[in-house]
Amino acid sequence: MILNITNKTNIFTLVFLALISSCLSQTQNQYTIVNVASVYTESVINNDSVSSIDKIKSVENVVAVFSKKKDTVTTYVYDSEHYQGSIGIRKFTSIKTNKNNRFFISEFFRDTVKVSFEEASRIGVNKDIYTVSKPYYSFLKEKILKEGSILHFVSLIKDGYGDYCALFSPLIDYRWTKTRTDVAYKILQVLVTNEDFQSSDGRLNTWKIVYKNDAAKGKYFEKCFLEENKKYKVYKTEYDNERFHVSTTVFSNTKTLLDSVSASWESYGQNMEKYQIDYQKKQTKLDLLKTHENPKNLNEIIKILGEIKTD
């Protein structure tokens, strides 16, 4: 889900420090490559002209290169027609500023997100407050605050109602591990503060989302569990405000732990609708130690993926 992007934090010093940290981490020659292949289709309907534009179904590959601690991630997006070059390259880094705070940096958007662990069971993400179970808080404090894991931070914000979520696309759009989530790791409620869409003076709007079991409900956001069968667990989310409505159905494969997503997006101001299906069909993971240098571009990654036997 793509929401508004804000740019409120001075990023230059943070990026400079993060790049130094990234260079030092690369000397360890230990990193992980994850390649996610998905079938993607999209159609757009312009309600003013009653016209429809259908895109041809394509196979997309999203490659993520994770550092040892997962505090630096570079993603590449390409398809079969652009095999020798990348459609999009994005880099994400993190830096710890004191014992309670860590910044996550999206270099493509030149923006940062501040994550704070100052109160028990409460995690601050910019102006939003996530209240989580005690086991989940302890786990995230270790992974996010101490280790700087971008992957675990993205997992926390995956439901997509924060105005910072789009900064972390495509990381936030896919499953990158085949590890099952501990049932004790739960979000209990979230206090969301973002732009008041009915105001033109930058006024902020604060609203609450309450989680219970596999469901969540708030003023603009709702999540519900639909069904479970032999192959999938199916969830649906609705995000609705004065500007747009997004409906997303997630099919989570109980065996492969890969997600397939069917989504619709309607912009009230533009009188336009968009529909997309993203079927995540394969995940290839490579843990590389010393045998290869950290790949510098997409072509090197494709070569490594072709040379090494995968799991």
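So how do 30-41, 170-181 stack up, highest first, on mean other-Cβ count within 10 Å?
30-41, 170-181
On a 20 Å Cα-Cα criterion, which of the cross-link pairs K219/K274; K68/K141; K70/K114; K178/K285; K212/K274 come out too long?
K219/K274; K212/K274
Could you give the length gained by full extension between V39 and S58, i.e. 0.36 nm per residue of separation minus their alpha carbon distance, to one decimal place?
6.3 nm
Among E242, E107, which comes first, second and so on when ranked by fewest other beta-carbon atoms within 10 Å?
E242, E107
Arranged from highest to lowest average of other beta-carbon atoms within 10 Å per residue, in what order do the peptides 202-215, 265-278 appear?
Result, highest mean first: 265-278, 202-215.
A 19 angstrom limit on the alpha carbon distance is what I want to check against. Which of K69/K91; K230/K281; K91/K255 exceed it? Please report the intermediate quantities before stating the final value.
Numbers: K69/K91 15 Å; K230/K281 17 Å; K91/K255 30 Å.
With Cα atoms farther than 19 Å apart: K91/K255.
Roughly how many nanometres apart are two label points built 7 Å out from the Cα toward the Cβ at S264 and V210?
The answer from the label model is 2.9 nm.
Each reported figure results from applying straightforward, stated rules to the coordinates on display, with no laboratory input. A quick note: this is a predicted structure, and the numbers were derived from the prediction, not measured. So basically every Cβ, Gly included, is an ideal-geometry build from the backbone, and we count neighbours across all protein chains shown.
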